[in-house]
Every structure is written in C-alpha cells, then in structure tokens.
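Worksheet: the structure to be examined is printed underneath.
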Amino acid sequence: MPIYVYWGEDDFAIEKAIAMLRDRILDPQWISFNYSSFPPDQADAAIQGLNQVMTPTFGAGGRLVWLINTTLFQHCPENVLAELLRSLPVTPENSFLLLTSRNKPDERLKSTKLLKQFATEFREFPLIPPWKTELLVQSVNQAAQSVGIKLTANTAQLLAESVGNDTRLLYNELEKLRLYAQGSNKPLDIDTVTKLVRNTTQNSLQLAAAIRTGDTAKALTTLADLINASEPGLRIVATLIGQFRTWLWVKIMIESGERNQQAIAQAADIGNPKRIYFLQQEIRLLSVQQLISCLPLLLELEVSLKQGASEMSTLQTKIIELCQVCRGNSQSNIKA
C-alpha cells in the first residue's frame, strides 16, 4: 500500500501537495465512494481509517484515506500499533493512506519507524526562517516559475521582503501579478510589483535592525505596524532570536580572528557567504557582550508570551530593554 506522510508548519504547501495527490489518485466521478478523511478528534480515527483503507476501491481510480493531524507520530496506543502491523503489509495496492501532522514525528516510536519503513513519501514542509533571506528569495523564484511569471533579481528580493515565509500570501501575490502580466514575456519591474503587492514594508527583520541601533522610537513604531498587520507575537520573537543568534555567531568568529567568510558562514548557518560582509557592517558598533545580553531577554520574552502574558505590553517592555542594551556601548563607540 502506498503511504504518504506529510508534516511541518507550512500548511499551505501541505494543502497543495494533498490536492495534487487527490487529483492523481481519485477519479472525479467516484470521489464520494473512494475518498475518506478522519479528523483527530474523531473517536478511533486511526482504526477507522485503517479499516477504510482495507476496503476495495469502487469503480475507477484509487482509494485515498487521510488521517488529518494524526497523533500516531507522538503517541500510538498498542491496539493501533497492532492494527498497523496487521494492515500495512496486506492492504490493496490501489489504496493510498495519507497521514499529516504539524509536529515532527518522534523517530523513537515503533509506529513512526513502521510507517517510515512502508512510506512511499515521508516529507517535511517546514517554514523558512524569516532571517534566512537567501532561502526566501529562492522560494520566491521557484514559486514564480511554477506560476509562470518572470521576475528580476530586485523584484524577487522585494517579494521576499514583503511576504516573508508566508507561502499562502506568496502564491496569492504571484497570482495577482500573473493576471496583470498576462500576455507579456517581459520580467515584472520593481515599480509594478511595488504597486500591486500588499504593502508590508515593516517586518520583523526591520524591527531587529531598529533594536540593533538602539532606536527605541523606530522599534516601537515598527512593532505597532507588525501587530496591526496581525503578525503573531511568537513569530516576531522567533525572527528576533534567529537574527540575534546569527549576529552573535558572526561577531564571535570575527573577534576570534577568523577572516574566512566561508568558515564564518558555516559556523553561523548562513547559506550565502557573501552576506557575511554586510552582517559585519551591521554589528560593527556592537560588542559580543551586548549581543550575548540580548538573548536572555529574548528568551524571557518568548516564555512570557507562551505563558499568556499580554502580547503588546510585554513586547514593548522587552524591546525597550533590548534597545537600551544595544544603545549602551554603541553610543560610546560612535563618539569614539
């Protein structure tokens, strides 16, 4: 039996993969007979799904059974594991089992090992970290190619900055651009993209930049814009933590005397070594100690938000503290 396991936080990419799977497996005239989905809150969803997948296909096409957001990769009762061991080797060839989960499968579980052993496709759909700009640009170019529009390097960069790692928003904006450019073989210029793409000029990386320079007023204004644009607080914090960790690694490597950009990029988990020069310029006025001091504040902020603290006021308080840390020595460095 072909088994497909899709997991990760990029819900839109998973939805697209599932749609392609349905179109390939199911005959449109027999969908109501051969397609079943089981939500996680349904009693005995896994057992019912396995029973369903054992049922021979009706009419043309194949059978697809989908266990939605299954917990089998985090916890698998003994009776379900026994049913998996019994069913997987003898299921009809034209029956397909699809399992999806937002959480990473626990590789230690017997159920995970078993499903991975039988899986035709065991695939992760991760969200690209917002601070990995080169991967975001690469994702934009790949999506533009699949949609059928041409972008210049500058327009791809602008789109990446505008939509971040929101795959759904990216495809919505690309579809808008495709309709606008219909019939034209020329790459879209920067002015066109600026006018048509949703205005998201403030992003979490700009917030990190404002904090880095100790510009409290700009940081708070950028934060307000992000919150007004419905950017989740935890996502803002995740971006800040990633950016400050990157800056810290680069600063530590430079302070230790390392000059090889490739080595610095590898240590800081940066895909494009050419970015090192620009990162060096960004942290020129900051010390290692300042960057180290920022991380506990960011982790405290993350914990507070996860414990249900008031989002806006907690973010504002910690951002003011972060700006004060970054403003400390950088101001004396400027005067010097």
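The values are calculated or read from the model by the stated rules, or taken from the named source; none is laboratory data. Please read all numbers here as calculations on a predicted model, not as lab measurements. Cβ coordinates were reconstructed from backbone atoms using ideal geometry, including for glycine residues, and neighbour counts include every protein chain displayed. Only protein heavy atoms, including side chains, enter the accessible area calculation; ligands, DNA and RNA are left aside. Shrake-Rupley method; radii C 1.70, N 1.55, O 1.52, S 1.80 Å.
Mind running the shape call on the stretch 1-51? Use the C-alpha gyration tensor, a ≥ b ≥ c as the square roots of the eigenvalues: rounded below 1.5 for a/c, prolate if a/b tops b/c, oblate otherwise. It comes out oblate by the Cα gyration axes.
Charging the Cβ of each Asp and Glu at -1 and of each Lys and Arg at +1, and nothing else, the dipole of the chain about its Cα centre rounds to 720 debye.
Annotation note: chymotrypsin sites (Phe, Trp or Tyr not before Pro) in the stretch 6-66 located in DSSP loop regions with a Cβ neighbour count of at most 14 within 10 Å are F58.
Once you reduce the stretch 66-127 and the stretch 243-303 to the center of their Cα atoms, the two points are 39 Å from each other.
A dipole drawn for the chain from +1 and -1 charges on Cβ atoms has a positive end, and of T120, T314, I3 the residue lying farthest that way is T314. Judged by the ratio a/c of the largest to the smallest principal axis of the C-alpha gyration tensor, the stretch 1-158 counts as oblate, that ratio being 1.5 or greater while a/b is no larger than b/c. The helix-based estimate of mean residue ellipticity at 222 nm for the chain, built from -39,500 (n - 2.57) per DSSP H run of four or more residues and divided by its residue count, is -18500 deg cm²/dmol to the nearest 500.
Assuming charge only on the beta carbon of Lys and Arg (+1) and of Asp and Glu (-1), the dipole of the stretch 199-336 about its Cα centre is about 360 debye to the nearest 20.
Applying the criteria of a DSSP loop state and at most 15 other Cβ atoms within 10 Å to the trypsin sites (Lys or Arg not before Pro) of the stretch 270-314 yields K274, R284. Of the residues G233, L159, P28, the one whose Cα sits farthest towards the positive end of the charge dipole of the chain is L159 (charges of +1 on Lys and Arg Cβ, -1 on Asp and Glu Cβ, taken about the Cα centre). Surface composition of the stretch 199-336: carbon and sulfur make up 50 percent of the accessible area, probe 1.4 Å.
Just checking the listed ones, S204, S293, S162: in the Gaussian network model of the chain with Cα springs under 10 Å, the one fluctuating most is S293.
Taking N228, N94, N141 in turn, the Gaussian network model of the chain (Cα-Cα springs below 10 Å) assigns the largest fluctuation to N228.
As a fraction of the 1.4 Å probe accessible area of the stretch 55-195, surface on carbon and sulfur atoms comes out at 51 percent. From most to least packed by mean Cβ count within 10 Å, the peptides 99-106, 40-47 give 99-106, 40-47. Taking all protein chains into account, the per residue accessible area for the stretch 53-160 stands at 51 Å² (1.4 Å probe). Label-to-label distance for N103 and I31 is 3.2 nm, based on points extended 7 Å past Cα in the beta-carbon direction. The overall shape of the stretch 239-308 is prolate: from the C-alpha gyration tensor, with semi-axes ordered a ≥ b ≥ c, the ratio a/c is 1.5 or greater and a/b exceeds b/c.
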